[in-house]
Amino acid sequence: MSAFCATVLFISSSVQAADPAGLSRLGWLIGDWAGEGNGEPGHSNSERHAALVLEGRFLRVEGRSIYSKQPANPKGETHVQTDMWGYDRERKALTLRQFDSLGFASMYVLDNAASSSTRWVLNAEQLENVPKGWRARYVYSLISATVYEETLELDTDGKGFKPYVSNRFMKNERK
């Protein structure tokens, strides 16, 4: 009996060490990504770098999107963001905290009912430095092991979510 208990404890601690924050379903995101985006700010070239941090308890994604001068964005802009993915054990839900160079700070929570093993829908619980009454959500879709799409949808007028910007990324394979 004691050998069985020791085995169960060993397996349990190994699983917990391998995925201490419930982030295993985002393992595909780890690495370097490059892509293009389109939306209200115009066309962009984008990149993302994702890595586990803080003893694997969080997934940090550093991103940059460059909008050159274009009719939809005459001045052009560079948009930089830092995403911190976590796992709320009590709610059994992924969380996303996002900070960007426009001064926005946001907290999103996975909508388990609207999500699947290849599609994650995250609704904003907190939006900082945006007009009162706005709502936001992110939709991440895993197309293949090397392609994913990320869409930010906004509801600015209470009439429902509309895509604001969508990005399609391809994984940069290291050689």
How tilted is helix 2-18 with respect to the longest principal axis of the chain? Cα atoms for both, answer in degrees (0 to 90, nearest 10). 10 degrees
Across region 96-113, in residue order, what do the Karplus-derived ³J(HN,Hα) couplings come to in whole Hz, using 6.51 cos²θ - 1.76 cosθ + 1.60 with θ = phi - 60° and x for Gly and Pro? 9, 10, 10, 10, 9, 5, 7, x, 7, 10, 9, 10, 10, 10, 4, 8, 4, 5
Grab the Cα-Cα distance for E173 and K132, subtract it from 0.36 nm times how many residues apart they are, and report the gain in nm with one decimal. 10.6 nm
Which number do you get for Rg(Cα) / (2.2 N^0.38 Å) in region 107-162? 1.22
Which label in (1) 72, 44, 26; (2) 58, 42, 34; (3) 101, 34, 25 gives the computed Cα extents along the principal axes in Å: (1)
Would you please give the residues with an amide H less than 5 Å from that of S115, counting only those at least 5 places away or on a separate chain, with H modeled from the backbone geometry? V121
Across region 135-146, in residue order, what do the Karplus-derived ³J(HN,Hα) couplings come to in whole Hz, using 6.51 cos²θ - 1.76 cosθ + 1.60 with θ = phi - 60° and x for Gly and Pro? 10, 9, 8, 10, 10, 10, 10, 8, 7, 7, 5, 10
Hand me the tally of lysine pairs in region 23-172: alpha carbons under 27 angstrom apart, and the pair either on different chains or 8 or more positions apart. 7
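A short reminder: the numbers here are calculations on the coordinates, not readings from a lab. Since this is a predicted model, take the numbers as computed values, not measurements.
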